[in-house]
Amino acid sequence: MNVKIEQSWKDALADEFDKDYFIKLTDFVRSEYLSGKNVYPAAQNIFNAFNLCPIDRVKVVIIGQDPYHEPGQAHGLSFSVLPPTPVPPSLKNIYKEIESDLGHGSVTNGDLTHWANQGVLLLNATLTVLAHRAGSHFGRGWEQFTDAVIRVLAERENIVYMLWGAFAQKKAAFVNVDKNLVLKSAHPSPLSVHRGFLGCKHFSQANQYLLDCGKTPIEW
């Protein structure tokens, strides 16, 4: 299949694109966009996380669930929104932890493209969603595809996995903790942020690990 995704990922995931589940997924997603329904993100941004962060440049993996489902929010990167969209609550808490952990503020808008450009794979488990309907494209094959993404990365070493909440922790449960840095905490959403996300110091730990591995730290 001719999937429009960055070439290194296309090569690494080549076996997935001809599998029956992916062909059915592609047919379903295409029909959703062509039906006139509001589907997010825009079709050209479905693989934005991969296009901005080639596989050989991945230093950090952050796993979300599905894209934001309100207008003007999703653009293919987990937790990220483009200005002038207001910063979502979970991202506000992420910024709060960065300031507490590193002693400086992050950007004031919600665009995390600068993270992706430095090697942070902002991966959602499901890459499309219907407007106003969270989880509406669950169970269609995206989860199998993004599991394959994590399996491909798990063959590599010295990657930081930031697993916030039970969903992300389960999805990356097979990552080798002896060959990578696996950081776990509660999810940064307002419902759970005080159960261990605030104060987790994941950002300083990630940067120290990258330095120890001879890699450039992330400018959070």
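The values are calculated or read from the model by the stated rules, or taken from the named source; none is laboratory data. Quick caveat: nothing in here was measured; it's all calculated off a predicted structure. All Cβ positions, glycine included, derive from the backbone under ideal geometry; neighbour counts span all protein chains shown. Surface accessibility is based on the protein's heavy atoms, side chains included, excluding ligands, DNA and RNA. Shrake-Rupley method; radii C 1.70, N 1.55, O 1.52, S 1.80 Å.
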Quick one: pull the percent of accessible area on region 17-80 belonging to carbon and sulfur, 1.4 Å probe, ligands and nucleic acids left out.
50 percent
Candidates Ala125, Ala186, Ala173; GNM for the chain (alpha-carbon contacts under 10 Å) flags as most fluctuating Ala173
Under 15 Å Cα-Cα from Lys215, which aspartates and glutamates qualify once same-chain neighbours fewer than 8 residues away are excluded?
Asp56, Glu157
Test item: Cα-centred dipole of region 28-146, Lys/Arg +1 and Asp/Glu -1 on Cβ, debye:
260 debye
Spin-label proximity, Ser8 to region 49-84 - amide N less than 15 Å from point 7 Å beyond Cα toward beta carbon:
49-61
Rounded to 0.05, the calculated FRET efficiency for the beta carbons of Ser204 and Val177 at R₀ = 22 Å is 0.70
Give Lys4/Lys59; Lys96/Lys184; Lys59/Lys179; Lys59/Lys171 a once-over and call out the pairs whose C-alpha atoms are over 20 Å from each other.
Lys4/Lys59
Relative contact order (percent, whole number), the chain, Cα cutoff 8 Å, 6+ residue spacing:
23 percent
Solvent accessible area, Å² - Cys213, 1.4 Å probe, full protein context:
40 Å²
Largest first, what is the accessible-area ranking of Glu6, Glu97, Glu157, Glu70 with a 1.4 Å probe?
Glu157, Glu70, Glu6, Glu97
DSSP bridge pairs, region 9-137: antiparallel proportion in percent, nearest 5:
40 percent
Summing -39500 (n - 2.57) over the DSSP H runs of n ≥ 4 in the chain and dividing by its residue number, what mean residue ellipticity at 222 nm do you reach, to the nearest 500 deg cm²/dmol?
-10000 deg cm²/dmol
Nearest 5 percent is fine: what portion of the DSSP beta bridges confined to the chain is antiparallel?
20 percent
Per residue, how much accessible area does the chain show when a 1.4 Å probe rolls over the protein heavy atoms, in square angstrom?
46 Å²
For region 150-212, which chymotrypsin sites (Phe, Trp or Tyr not before Pro) pass both filters: DSSP loop (anything but H, G, I, E, B) and at most 10 other C-beta atoms within 10 Å?
Phe174
For the chain, what is the charge dipole size about the Cα centre, in debye to the nearest 20, if Lys and Arg each add +1 at the Cβ and Asp and Glu each add -1 at the Cβ?
380 debye
Determine the share of region 118-220's accessible area contributed by carbon and sulfur atoms, expressed in whole percent, with a 1.4 angstrom probe.
49 percent
